[in-house]
Amino acid sequence: MAHIGYGDKVRKAVFPVAGMGSRFLPATKASPKEMMAVVDKPLIQYAVEEAIDAGITEMIFITGRTKRSIADHFDKAYELEHQLELHGKTDLLAIAQNIVPKGISCTYIRQTETLGLGHAVATASHLIGNEPFAVILADDLISSKKGALCQMVDIYEQYNSAVIAVQKIDGAAISAYGVISGVKQRDRIYQLDSIVEKPPYADAPSDLGVTGRYIFTPKIFAHLAALKPGAGGEYQLTDAIQALLTDEQVLAFEYEGIRYDCGSKLGLLKANIELGLRHHEIGDELRTYLKNELLAKL
Ligand code: G1P
């Protein structure tokens with residue numbers, strides 16, 4: 001594939017976090033779903049850490065009402081730091097201070113209307129400019145040895161084309177996803193032929209569902225600007241990707257890793273149990289509890 005002339009490095013990531021999170025009511029009435037914790041860390045922090053690990057230095061959050069705590073989370077907490085210092089809690093102080101490492105910037109855009117994922121990403125166009133960028137949906141938590149976005153950056157740098165993350169989805173559940181059809185290029189990589197948002201199971205073009213990681217060239221913005229309401233009456237990122245296919249190649253990539261759908265209650269609980277089992281403080285005790293106490297009750 002010819003070099004398309006954008007900067008080689010993916011430095012910016014967009015985090016759409018303006019959604020209402022109504023599936024988690026009442027937990028999300030006044031606080032963002034992205035701030036729900038898996039063990040001891042909010043979902044949005046896992047997403048930001050994955051971005052940092054992939055070399056991203058500029059975090060752009062598309063936020064809205066009731067989401068102020070996200071900006072607070074990534075801000076300096078003078079009082080907390082002072083108290084921890086005063087009490088000699090240096091480990092906890094380091095945790096509080098390293099949420100945003102040096103050299104990483106955070107910018108917030110308020111999306112006043114939640115008109116869909118495509119609309120949310122479009123609001124970041126003036127901050128992206130003529131550069132490639134990533135989009136991360138924090139409720140897809142991906143646990144992997146090498147970060148999923150880092151794996152995708154490698155593919156982007158190799159092919160110089162847009163990359164979207166996919167995974168095989170069993171049965172009728174596929175109709176909750178963007179679904180691709182494509183030609184296999186090599187292990188785990190497909191060249192996209194088409195993509196459709198939340199098709200009925202019978203019409204799904206494959207069992208490959210899009211999970212919340214994307215790398216785009218800025219060409220996507222022209223197609224986002226031309227969007228009409230799609231599935232569910234929303235401006236769908238998926239429809240802009242379909243339109244992008246007339247301009248340039250898009251690759252779908254089956255990343256290595258386990259994804260937890262933390263947009264669902266069950267997914268969030270599974271993530272808590274599995275990451276809890278691997279947690280250095282509570283892993284052993286949780287394993288003992290699950291085996292010796294909980295299993296006996298089931
Ligand atoms: C969004 C996208 C969909 C994608 C999914 C992954 O849908 O529109 O294409 O498959 O994220 O989590 P949502 O789950 O926000 O309805």
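The values are calculated or read from the model by the stated rules, or taken from the named source; none is laboratory data. All values derive from a computational prediction rather than experimental measurement. Using ideal geometry, Cβ is built from the backbone for each residue, glycine included, and neighbour counts are taken over all protein chains shown.
Condition check: in contact with a helix residue (DSSP H, G or I) (Cβ under 7 Å, 6 or more places away or on another chain), in a strand (DSSP E or B) and within 15 Å of the ligand (Cβ to nearest atom). Does I195 satisfy that?
Taking the combined requirement at face value, the residue satisfies it.
When the residues of segment 164-182 are filtered to those that are near the ligand (Cβ under 10 Å from one of its atoms) and part of a strand (DSSP E or B), which remaining residue is nearest to A148 (Cα to Cα)?
Going through the qualifying residues, I end up with A165.
Taking S175 as meeting all but one of (1) touching a Pro at 6+ places or on another chain (Cβ under 7 Å); (2) touching a residue at least 60 places away in the same chain (Cβ under 8 Å), write down the number of the exception.
Against the list (1) touching a Pro at 6+ places or on another chain (Cβ under 7 Å); (2) touching a residue at least 60 places away in the same chain (Cβ under 8 Å), S175 comes up short only on (2).
If T114 meets every condition in (1) under 24 Å from F221 (Cβ atoms); (2) in a loop (DSSP other than H, G, I, E, B); (3) over 18 Å from the mean Cα position of the chain (by Cα) apart from one, which number is that one?
Condition not satisfied by T114: (3).
Just checking, does segment 76-83 include any residue being surrounded by 14 or more Cβ atoms within 10 Å (Cβ to Cβ), among the charged types (D, E, K, R), part of a helix (DSSP H, G or I) and within 16 Å of the chain's Cα centre (by Cα)?
Within segment 76-83 (the criterion being surrounded by 14 or more Cβ atoms within 10 Å (Cβ to Cβ), among the charged types (D, E, K, R), part of a helix (DSSP H, G or I) and within 16 Å of the chain's Cα centre (by Cα)), the answer is no, since none of the residues qualifies.
Between I128, I136, which is closer than 19 Å to G263 by Cβ, under 18 Å from the mean Cα position of the chain (by Cα) and crowded, with 18+ Cβ neighbours inside 10 Å?
Just a single option satisfies the conditions, and that option is I136.
Under the condition of being over 18 Å from L245 (Cβ atoms) and assigned to a strand (DSSP E or B), which residue from segment 137-163 is nearest to the ligand (Cβ to nearest atom)?
Step by step, filter segment 137-163, then rank; the result is D140.
Could you list, in sequence order, all residues of segment 236-256 that are surrounded by fewer than 20 Cβ atoms within 10 Å (Cβ to Cβ) and under 18 Å from the mean Cα position of the chain (by Cα)?
E254, E256
Being of a type outside the set (A, V, I, L, M, F, W, C), touching a His at 6+ places or on another chain (Cβ under 8 Å) and in contact (Cβ under 8 Å) with a residue 40 or more places away in the chain, is that true of even one residue in segment 223-237?
yes
Applying the selection to segment 5-20, what residues are closer than 25 Å to N160 by Cβ and modelled with pLDDT under 85?
Within segment 5-20, G5, Y6, G7, D8 meet the criteria.
Quick check on E49: is it at pLDDT 90 or above and buried (at least 17 other Cβ atoms within 10 Å of the Cβ)?
Here the answer is no, as E49 does not meet what is asked.
Whether any residue in segment 256-265 is more than 30 Å from S22 (Cβ to Cβ) and of a type in the set (S, T, Y) is what I want to check.
Looking for residues that are more than 30 Å from S22 (Cβ to Cβ) and of a type in the set (S, T, Y), one finds none in segment 256-265, hence no.
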